[in-house]
1. Please report the relative contact order for the chain, taking Cα pairs under 8 Å with a sequence separation of at least 6, and give it as a percent rounded to a whole number.
2. Filter the GluC sites (Glu not before Pro) in the chain to those in DSSP coil with at most 12 other Cβ atoms within 10 Å of their Cβ, and list the result.
3. Tell me, what ³J(HN,Hα) does each residue in the range 56-70 have, in order and in whole Hz, if you take phi through Karplus 6.51 cos²θ - 1.76 cosθ + 1.60 with θ = phi - 60° and put x for Gly and Pro?
4. Report the trypsin sites (Lys or Arg not before Pro) located in the range 1-50 that are in a DSSP loop and have at most 11 other Cβ atoms inside 10 Å of their Cβ, or state none.
5. Identify the chymotrypsin sites (Phe, Trp or Tyr not before Pro) of the range 1-54 meeting these criteria: DSSP loop state and at most 14 other C-beta atoms within 10 Å of the C-beta.
6. Note the angle between two axes, namely the Cα long axis of helix 9-22 and the longest principal axis of the Cα atoms of the chain, as a number of degrees from 0 to 90, rounded to the nearest 10.
7. Would you compute, from DSSP H runs of 4+ residues alone, the mean residue ellipticity of the chain at 222 nm, taking -39500 (n - 2.57) per run and dividing by the full residue count, rounded to the nearest 500?
8. How many angstrom lie between the Cα centre of the range 14-37 and the Cα centre of the range 42-68?
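The values are calculated or read from the model by the stated rules, or taken from the named source; none is laboratory data. The structure presented is a predicted model; accordingly, all values stated were derived computationally and were not measured. FYI the Cβ positions are ideal-geometry reconstructions off the backbone, even for glycines, and counts take in every protein chain you see. What goes into the accessible areas is simple: the full protein's heavy atoms, side chains included, and nothing from ligands, DNA or RNA. Shrake-Rupley method; radii C 1.70, N 1.55, O 1.52, S 1.80 Å.
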Amino acid sequence: MFWVDVSNPDIAKTDFIAVSRMFEVEVDCVEDACGLLANRKKPWLLILDNADDPSFDYQVYIPSGTQGNVIM
């Protein structure tokens, strides 16, 4: 389970980088961290906390793939 604060892009980037470090992988952007999750072969859960701005498109924080679930 991974908890990411998406209240602003800088915090989200920091949290996604921290997620990648849990897998002992260094990334430098949200897209690479999402790609890491998307390619995982084991189930995972991603909680996007503070995703409450109706004018922001949170899709950028949702990894593709079939092994994970996302809660906003």
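1. It comes to 37 percent, rounded to a whole number.
2. In loop regions of the chain (DSSP not H, G, I, E or B), the sparsely surrounded GluC sites (Glu not before Pro) are E24, E26.
3. Once rounded to whole Hz, the list reads 9, 8, 7, 4, 4, 9, 9, x, 7, x, 10, 9, x, 10, 10.
4. Values: sites: K13, R21, R40, K41; in loops: R40, K41.
Sparse-neighbourhood loop trypsin sites (Lys or Arg not before Pro): K41.
5. Listed in order of number, the matching sites are F23.
6. 20
7. Counting only the DSSP helices, I get -10000 deg cm²/dmol.
8. 14
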